[in-house]
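Visitor: Pasting in a structure now, in structure tokens, and then I'll have a few things to ask.
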Amino acid sequence: MLSSHSDTRPLWFDTATIPKFHQQTGQVVVDVCIIGGGITGVTAADLLKRAGKTVAIVDVNRIGCGETGHTTAHLTEVLDIDFQTLIANFGEEGARTAIKAARHAINTIEANSKERGIDCGFQRVPGFRFSESEDGVDGLEEESQAALKLGVQNELLYETPLPFEVARAIRFDNQAQFQPLEYLASLAKGIEGDGSFIFEETRMLDIHEGEPCRVTTDRGIIIADDVIVAANVPVSNRFFLQTKIASYRTYAIALKVADHFNASALFWDTLDPYHYIRSFEFAGSRYLIIGGEDHKTGKDEHTAVHFQKLEDWAHERFTVEKVTHRWSGQVIHSVDGLPFIGRNSLSDHVFVATGFSGTGMTFGTVAGILLSDLILGQQSPWADLFDAGRVKPWAAIKNYVRENFDYPSHMITDRFTPAKSTDTNLLRENEGAIVRIGSKKVAAYRDPQGELHLLSPVCPHMGCYVHWNDAERSWDCPCHGSRFTATGQLVNGPAIADLATETNDEEAPMIPERYEQPSPLNPFAGPTLSMFFCPLKDKPT
Ligand code: FES
């Protein structure tokens, strides 16, 4: 078992070879600038370059260090929302289109893997959605019927290959799994050259839309006809999507198990939050990956508990020999259940993709394909369904109200909630907490060397107070999911700036001066950017 909660590192980083790319220098001119070197950005870049365009991918970290490196890499046409809800929200035709898009994405990954000889362990496997209790049986039966109505073949079963009993399960054939970073790395290697670039450790600061567009980074300027924002959450202050999405943390562990469970399949249960299982083989070793325990980002300080719950769940069902890896990722849910992919509202040349929920590799690939089609001026049968500007009031209203209540609620309550302590000496090594020092609240963290780091707790996005995350040793914002390292560097957007260092005695302002102010054009202003912990740089000690 891992000895400390700091050892969060995805299995994928130990089982893939990731190429290193340079930082940007000076001014670059390309046809398309892509913000984010994950599955969406790299897929789009690959297709655009093959169609004769020049591209520049800009990643604030190393490619794949964002959510592509923190996924569990299920590939499935069975979405996070059940088929009944999908039909209710988008009609049968819309639901069929979403399923066809997912199927096409999986076929694309399979074709790329075979035709280019990518050793990413792509494997067609069945998927089993199961319930261990009778409570979930009715829902599974309804889902099976709804799936059949949409042309998704499935079978209701009383047994699965799992080594424990289920009350009922649905088997969906022809789903898939793969090693996401090996796939990503292989596509990325073909992108550089002939006027195209991948720039790592280059932070996007601003997008000025025009003809051409002008992307400012911390290392120079990129001039491009079109810009794709593929950074998991929307970036820059031109985006209206913020209120239509919500950020959740999800957890995963990789295990060695002693019993003879060797089924290659995807499994996920009907609970909320749910559990899911897949397998992975590398260099003669077989791993079981178990994930789940999702919760809204910033809502839970004792996040280490979620890893423990996953381990307990695994121990109750498998003979666990060893937990080899544990990691967490950021899942972006849309309020109506489908991703937002397409032109940004009021834009001609800026494109966005977000809200992939728990099917990030499948819909990240859908997004790469759809956005490259739009930029190439090709018709796409998916464009209307995933339109980034859509509003589905009846489908989304409940989730919209629930997810957006957090902002005003936390803005007020966190300011008046008493600090945990007034004595920073009580903080042990590797601990963080909101403490009161004199008249102000401070985000305090003591590093392994015993040094105390004092930061403003005010999120630079829209002014909420950050919360401590003990498993990942990060400061997480409960309002829109921005995250920062223990010493304040930005990890996940929508914030674009680091937490401020605490330097004065003034009470933290309700809205920080550094944060981009709302305007009539954008009442939800706040430049956004995804930066992630990069296991390629931050190996555990
Ligand atoms: Fe929006 Fe923190 S206030 S992410």
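The values are calculated or read from the model by the stated rules, or taken from the named source; none is laboratory data. Owing to the predicted nature of the structure, the values given are computational and were not obtained by experimental measurement. Cβ coordinates were reconstructed from backbone atoms using ideal geometry, including for glycine residues, and neighbour counts include every protein chain displayed. Keep in mind that these areas ignore ligands, DNA and RNA; they rest on the heavy atoms of the full protein, side chains included. Shrake-Rupley method; radii C 1.70, N 1.55, O 1.52, S 1.80 Å.
Visitor: For region 1-77 and region 94-140, compute the distance between their C-alpha centroids and round to whole Å.
Guide: Region 1-77 and region 94-140 have Cα centres spaced 22 Å from each other.
Visitor: Continuing with this model, one more query. Whole-Hz ³J(HN,Hα) for each residue in region 30-38, computed from phi via Karplus 6.51 cos²θ - 1.76 cosθ + 1.60 with θ = phi - 60°, x for glycine and proline: what do you get?
Guide: 9, 6, 9, 9, 10, 8, x, x, x
Visitor: Sticking with this one: Over region 189-258, give the accessible area per residue in Å² for a 1.4 Å probe, as an integer.
Guide: 32
Visitor: Quickly estimate the mean residue ellipticity at 222 nm for the chain, helices only: each DSSP H run with n ≥ 4 gives -39500 (n - 2.57), and the total goes over all residues, rounded to 500.
Guide: -7500 deg cm²/dmol
Visitor: I would also like to ask the following. Taking GluC sites (Glu not before Pro) as candidate sites, keep only those in a DSSP loop with at most 14 other Cβ atoms within 10 Å, then name the longest stretch of the chain containing none of them.
Guide: For GluC sites (Glu not before Pro) (loop position, at most 14 other Cβ atoms within 10 Å), the longest site-free span of the chain is 166-428.
Visitor: Also, I was wondering about something else. At 7 Å along Cα-to-Cβ for each site, give me the label-to-label distance between residue 17 and residue 299 in nm.
Guide: The two pseudo-label positions are separated by 4.3 nm.
Visitor: While we're here: How many nm is it between the label spots at residue 263 and residue 156, if each spot is 7 Å from the Cα in line with the beta carbon?
Guide: 1.9
Visitor: Right, next: Could you state the principal axis extents of the C-alpha atoms in region 27-81, from the largest down, to the nearest angstrom?
Guide: The Cα atoms of region 27-81 stretch 41, 26, 16 Å along their principal axes.
Visitor: Whole-Hz ³J(HN,Hα) for each residue in region 293-307, computed from phi via Karplus 6.51 cos²θ - 1.76 cosθ + 1.60 with θ = phi - 60°, x for glycine and proline: what do you get?
Guide: 6, 4, 8, 5, 4, x, 8, 9, 6, 8, 6, 4, 4, 5, 5
Visitor: Here is a further query. Run the accessible area of the chain with a 1.4 Å probe and give the carbon-and-sulfur part as a rounded percent.
Guide: Roughly 50 percent, rounded to a whole number.
Visitor: Calculate, for region 79-119, the solvent-accessible area per residue in square angstrom, rolling a 1.4 angstrom probe over the heavy atoms of the protein chains.
Guide: Averaged over the residues of region 79-119, the accessible area is 47 Å².
Visitor: Straight-line reach from residue 20: which aspartates and glutamates have a Cα under 14 Å away, not including same-chain ones fewer than 8 places off?
Guide: 59, 182, 192, 200, 201
Visitor: Moving on. Residues of region 354-376 with backbone nitrogen within less than 17 Å of a virtual label 7 Å along the Cα-to-Cβ line of residue 108, please, listed as ranges.
Guide: 354-357, 359-376
Visitor: While we're here: Please sort 80-89, 172-181, 478-487 by packing, taking for each peptide the average over its residues of neighbouring beta carbons within 10 angstrom, highest first.
Guide: 478-487, 172-181, 80-89
Visitor: Leaving out same-chain residues fewer than 8 places away, which aspartates and glutamates sit with a Cα under 12 Å from that of residue 440?
Guide: Residue 440 reaches 502, 505, 506, 507.
Visitor: Then there's this: When the dipole is taken about the Cα centre of the chain, and only Lys, Arg (+1) and Asp, Glu (-1) are charged at their Cβ, what size is it in debye, to the nearest 20?
Guide: So the dipole magnitude of the chain works out to roughly 700 debye.
Visitor: What FRET efficiency comes out for the pair residue 285/residue 348, r = Cβ-Cβ distance, R0 = 51 Å, nearest 0.05?
Guide: Computed FRET efficiency for residue 285 and residue 348 comes out at 0.55.
Visitor: Moving on. Specify whether the C-alpha gyration tensor of the chain places it in the rounded, prolate or oblate class, a ≥ b ≥ c being the square roots of the eigenvalues: rounded for a/c under 1.5, otherwise prolate if a/b is larger than b/c and oblate if not.
Guide: The shape class here is rounded.
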